[in-house]
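Just below is one structure, and these are the notes that go with it.
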Amino acid sequence: MGNSIYFAKNDELLGHVTMIFFSIFVSVSYVLGSLVANDIEPGAITAARFFIGACVMGALVFAVRKRKLEDFKSPWRFFVISFSIIIYFVLMFEALKTSSSLSLSVVFTLTPLIALFFEFFLKKPINFRALFGIILGALGALWVIFDGKLENLILLKVGYGELIFFWGCVGHSIYAILIPILNRGEDAASQTFGTLSAGFILLVLFFWQDIVGTNWTQLSLLIWVTIIYLALVATALSAFLIQFAAKRLNASKVMAYTYAVPFWAALGDMFVGKGMPEAHLIFGGLIIAFALFLLISDNRQKISK
């Protein structure tokens, strides 16, 4: 009995460590994206990311795991899933042209509340502590989005980048909800490969002019580093990490690490020389941090492996 409790606690600890790395990887994508957003079109960089990610995941699925084409039944599913996530990625890079990585990482903390809105119609259960934590985190995010000014909230005065990225976050929330709904028994690697492949096809259809118009041989090293990082770390590795953690933590704890992203983004901004965050960012961040504490300290039974 004692050993089983010990291993269970260690297993949960592994889940938390995994999600810490996940939140770091997501935050770095904002910081890197802000450095190159004005040097390449959003559709082009997203297409390159999806192409490289699809190649890597395809090698894993077919060469290592010995999957067959029959595993990808009802391929329309992957186009539906990928459409929602490319909205997020394309709007993220468009928003980074005018907004800071830290500001957008705070907007990203609205995704649990947006997901909760959609899940209400799907009648998914959630406990009061998790609900309170999500609402509190959203209030912290709104404080930052409206610059800590009540008149900005009343007048709905919000920056262009933050506004369009909000709709990107809606796409991300729908993506997270669609993954389990449209899964037909395939594992995470197969579903990720199908999603990236379908997403690349859609990006070529929607943004072929940007893709063809990009001088790929003349792109800077920083842009290529960003593309490769987004493809391999922020997409493929992050998908594995969240799948790993979801088997060891309950949903509210996995969701909670969304609120850790602004902290790492703030550190990243300071590392690249953008200075300390402003007072309203710090105050909103403290509210978000408390929401993170509430959700992580939720002691409901973890998901069984």
Could you give the length gained on full extension between residue 39 and residue 244, defined as 0.36 nm per residue of separation minus the Cα-Cα distance, in nm? 70.3 nm
Length-normalised contact order of segment 2-296, Cα under 8 Å, at least 6 apart, in percent, tallies to 40 percent
I'm a student and want to see the number: the projected area of the Cα convex hull of segment 158-242, averaged over all directions, in nm². 7.5 nm²
Is segment 2-296 best put as rounded, prolate or oblate by its Cα gyration tensor, with a ≥ b ≥ c the root eigenvalues, rounded for a/c under 1.5, and otherwise prolate when a/b is larger than b/c, oblate when not? oblate
In segment 2-296, how many lysine pairs have Cα atoms under 30 Å apart, counting only pairs 8 or more places apart or on different chains? 18
Stretched out fully, how many nm does the piece from residue 11 to residue 131 gain, at 0.36 nm a residue minus the Cα gap? 40.7 nm
First select every other residue whose beta carbon is under 10 angstrom from the beta carbon of residue 37; then total the charges, Lys and Arg +1, Asp and Glu -1. -2
When the chain is fully extended, how far beyond the present Cα-Cα distance does residue 221 get from residue 270, taking 0.36 nm per residue of separation? 15.5 nm
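Computed from the coordinates by the stated procedures, all read-outs in this text should not be read as laboratory data. Just so it is clear, the structure is predicted and the values come from calculations on it, not from any experiment. Reconstructed Cβ throughout: ideal geometry from the backbone, glycine too, with neighbour counts over all protein chains shown.
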